[in-house]
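Reviewing the structure listed below.
Read-outs: derived from the displayed coordinates by stated rules, not from any lab. Being a predicted model, the structure only gives us computed values, none of them experimental. Note: ideal-geometry Cβ built from the backbone for every residue, glycine included; neighbour counts use all protein chains shown.
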Amino acid sequence: MKRIILSSNTSWSIYNYRLGLVKELLKFYEVIVVAPKDKYSHELIKIGCKYYDIFIDNKGTNPINDLKTFQQYYKLYKKLKPDIALHFTIKSNIYGNFACNLLDIPVINNVTGLGTVFIKESFVTKMVKSMYKLAFKNSFVFFQNYDDKEIFVKLNLVKNHDVLPGSGIDTEKFQPLKTEKKDNIFRFLLIARMLWDKGIGEYIEAAKIIKLKYKNVEFLLLGAIGIDNPTAIPKEKILEWEKEKIIKYLGTTDNIKEKIAYTDCIVLPSYREGTSRTLLEAAAIEKPIVTTNVPGCKGVVEDGVNGFLCNVKDSIDLADKMEKILNLSEEERKTMGKKGREKVIKEFDEKIVIEKYMEAIKDIL
C-alpha cells in the first residue's frame, strides 16, 4: 500500500480542517500525520492514522529552532520513506519540502495564506520569498485564492500550481441550527486569533460608533489570546475593552457551530486571508457576513447578496456596513444567510477540495 504523509504546524488543524481528506485517503493509502503533539493527535490515531510528533516553532524566526525542525523532517522522512508528502502551513511547506527535495520525495504543498510576513514588507519577507522559491522548485502547490497564486507566479516562486476553494467545508456538518432567541439583543461576532491583523482594532472602533446610536447591540470576540505573533493583542488590552463594556470576550471553543448559531452576524475585518474558514462556516450556517474587500475574504461574500464588503483598515466604513446589517429586517437577513449557504455549497464544499487532491495525488503517483 502506498504511504502518504500529511504535515502541518498542529495536529488540531489537520483534524479540524482536513478530516474529510484524511478519511478519503485512508480508504486507499497508509496515512501518516507528522505534526506537533496536541489533544487531536490521538483523535487522528483513533481514525486509523499513524502519528509522529515533530518540533515546529510556529511563529518564531530563530534559525536554530528552524534548523532543528528541518533536521527532524529529514530524519523522519528518511525513516518513513513516504511515496508522497502533503504539506500545510509555512514551516511545513518550507522545511518539510527541503527534506523532500534531498530525499527525492514528491510533494503537494498548500499555501493556506500569506500572513503577516507578506502584509508588512521587511527583510524577513525577502528571506521567506527566497526560501519559498528554493523549497517549491520541484513541487506542486495548491493556493487558496487567485490573488496569492498571482503573487507567487509574478515573483517566479512556483511552477506547478492550482487553486482550491480554501480548505473546503463539510456542508452536512455545518448546517443552520434551530435557535430560539430569548432577548432582543442583536449580536455581532468576530472569530479569529487575537491579532491586530485580523482587524480587531477596527472592530472595536466600529463598535464604539454603533454603541452611540443603538442600545440593544452586543459585540463579541472569540479566539485565542497569547499567540506568538508580532501582531498579537495583549490579554490586558482585551480585558480593558471588556471592562469598558465595548466587547464581550468568549475565550475559545470546540463547538464553533453553536457560537455562530446564537449570533446575528459574523464580522471579519481581516487585512488578508488564504480563504477564511470562519467565513465559510458562518455562510454554511446561513449567517450574514461583514468582511473586508481583500484576498481570502472577498471570495466568500458577494456584496449585498450574502453580506457586505468594507474597506480594509477603515473602521468608519466597517461601522457603516455593520449598521446596514443591523437595519435589515429579520427576513432580509435570513435571505442573505440562505444565499450564503447556496454559495458555499456551489463553490466551497470540501468534496471539491478532496476531489482535486485525489486527482493530484493520482497524477504524481
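Quick one: compute the contact order of the chain, relative version, from alpha carbon pairs under 8 angstrom and 6+ residues apart, as a percent. Let's see the in-between values first.
Details: 709 pairs, mean separation 53.3, N = 365.
Relative contact order comes out at 15 percent.
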Legend entry - Net charge over other residues, Cβ less than 15 angstrom from the Cβ of Thr171 (K, R count +1; D, E count -1): +1
Legend entry - Likely footprinting exposure, Tyr95, Tyr73, fewest C-beta neighbours within 10 Å first: Tyr95, Tyr73
Inset, instruction - Would you mind checking the tilt of helix 123-135 against the longest principal axis of the Cα atoms of the chain, expressed as 0 to 90 degrees and rounded to 10? - result: 50 degrees
Inset, instruction - May I ask for the distance between the Cα centers of segment 89-106 and segment 315-337, given as a whole number of Å? - result: 45 Å
Legend entry - In degrees, nearest ten, helix 350-364 long axis to first principal axis of the chain (Cα): 20 degrees
Legend entry - Residue-averaged [θ]222 nm for the chain, counting only DSSP H segments that reach four residues, each worth -39500 (n - 2.57): -12500 deg cm²/dmol
Legend entry - Theoretical FRET efficiency, 1/(1+(r/R0)^6), r = Cβ-Cβ of Glu347 and Asp170, R0 25 Å, to 0.05: 0.95
Legend entry - Between 0 and 90°, nearest 10: helix 63-80 axis offset from the chain longest Cα axis: 60 degrees
Legend entry - Exposure proxy ranking, count of Cβ atoms within 10 Å, fewest first, for Lys362, Lys298, Lys215, Lys321: Lys215, Lys362, Lys298, Lys321
Inset, instruction - May I have the pair-distance distribution P(r) for segment 164-208, computed from all Cα-Cα distances with 10 Å bins from 0 and rounded to whole percent? - result: 18, 30, 38, 13, 0
Inset, instruction - Loop only per DSSP, at most 10 neighbouring Cβ atoms within 10 Å: give me the trypsin sites (Lys or Arg not before Pro) in segment 1-108, ordered by residue number. - result: Lys27
